Amino acid sequence: MERKILHVDINNCYASIECSINPKLKGKAVAVGGDPEQRHGIILAKNQIAKEMGVKTGEALWEARDKCPDLIVLRPNFPLYLKYSKHARSVYESYADRVEPFGICRQTMQSISQGVRSRCFLKTTVSTREQSL
């Protein structure tokens, strides 16, 4: 049986999770980052809509707002992201005998099966991508 080592991550992790639990965010540019009230911090994650408007991970909130004035910036909710990460990891572990985390949204796994992406989406409602190493 062929084995592969995969790098798997949750696409736009924090922003994807926020959008999956809040239907009011559907179709809107969303980012997770610093404190917009105090006008400081950086973009930690953004959804695809914000990305298409030129918002980049790691840039200052004011720069992101210059590119995307309607950007909704949410404060990070790390306990929620950890919960989703654990759900995703349980899916990965059902397909692989070795899974190594690299932060909340990234894992490396030794895979022996197909279907990881669809099963992870069904369990977490966020999409993933895999890359063979």
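For Leu80, project a label point 7 Å along Cα to C-beta. Then give me every residue of the range 33-56 with its amide nitrogen under 12 Å of that point. Counting only backbone N, you get 33.
Peptides 55-68, 12-25, ordered by how many other C-beta atoms sit within 10 Å of their residues on average, highest first, read 12-25, 55-68.
A short reminder: the numbers here are calculations on the coordinates, not readings from a lab. None of the values given here were measured: they were computed from a predicted structure. As a convention, Cβ positions derive from the backbone with ideal geometry for all residues, glycine included, and neighbour counts pool all protein chains shown.
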